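The structure appears below as structure tokens.
Bear in mind that the values in this text are calculations on the coordinates, not laboratory data. Keep in mind that this is a model prediction, so the values were computed, not measured. Note that each Cβ is placed from the backbone with ideal geometry, even for glycine, and that neighbours are counted across all protein chains shown.
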Amino acid sequence: MRDSSFGSLEFIASFYFRRATTTTNTMQEAPQTMGSDILALKTYFTAAYTLLVYDFFLTLPAEIKFAWKSGNTFVSVLFFANRYFSLVFSTVIMTSYFLTSWTPSTKICNHFAIWEFIYTLLIFTISETFLALRVYVLTRKN
């Protein structure tokens with residue numbers, strides 16, 4: 001069985017270490033560069049997650065009023081999948097970024113990287129389907 005570490009923390013750490021050692025003067029600066037990049041990633045994701053949760057609660061009354069009463073149509077299923085998959089999976093990602101038990105030596109990180117890739121494909125597929133439906137409606141179903 002082949003060990004695929006692409007997307008794992010080991011791969012990310014080795015990438016940053018190679019980048020840091022080629023762009024800095026000493027090997028001692030490499031961990032600092034990687035650490036500051038990881039801190040920036042956590043900061044950006046925390047800000048994005050905060051906006052996602054804020055938007056969720058801001059639009060919840062309109063969702064209850066309109067979407068919950070629309071019945072089970074293809075579009076409503078896509079809407080709920082997009083809305084709740086994003087919230088649930090972003091919560092999992094947010095939690096994983098701050099757990100100290102998720103280290104490159106644990107297999108859970110490698111499994112998580114695979115699921116993160118699958119989730120990303122799923123969300124893009126749902127979003128692109130919505131876009132295609134909008135174009136279809138705007139062109140008067142031609």
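Quick rundown of the values:
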item	result
Spin-label model distance (nm) - PHE45 vs LYS69, 7 Å beyond Cα toward Cβ	3.9
Per-residue ³J(HN,Hα) for the range 122-130, Karplus 6.51 cos²θ - 1.76 cosθ + 1.60, θ = phi - 60°, Hz, x for Gly and Pro	5, 5, 5, 5, 5, 5, 5, 5, 4
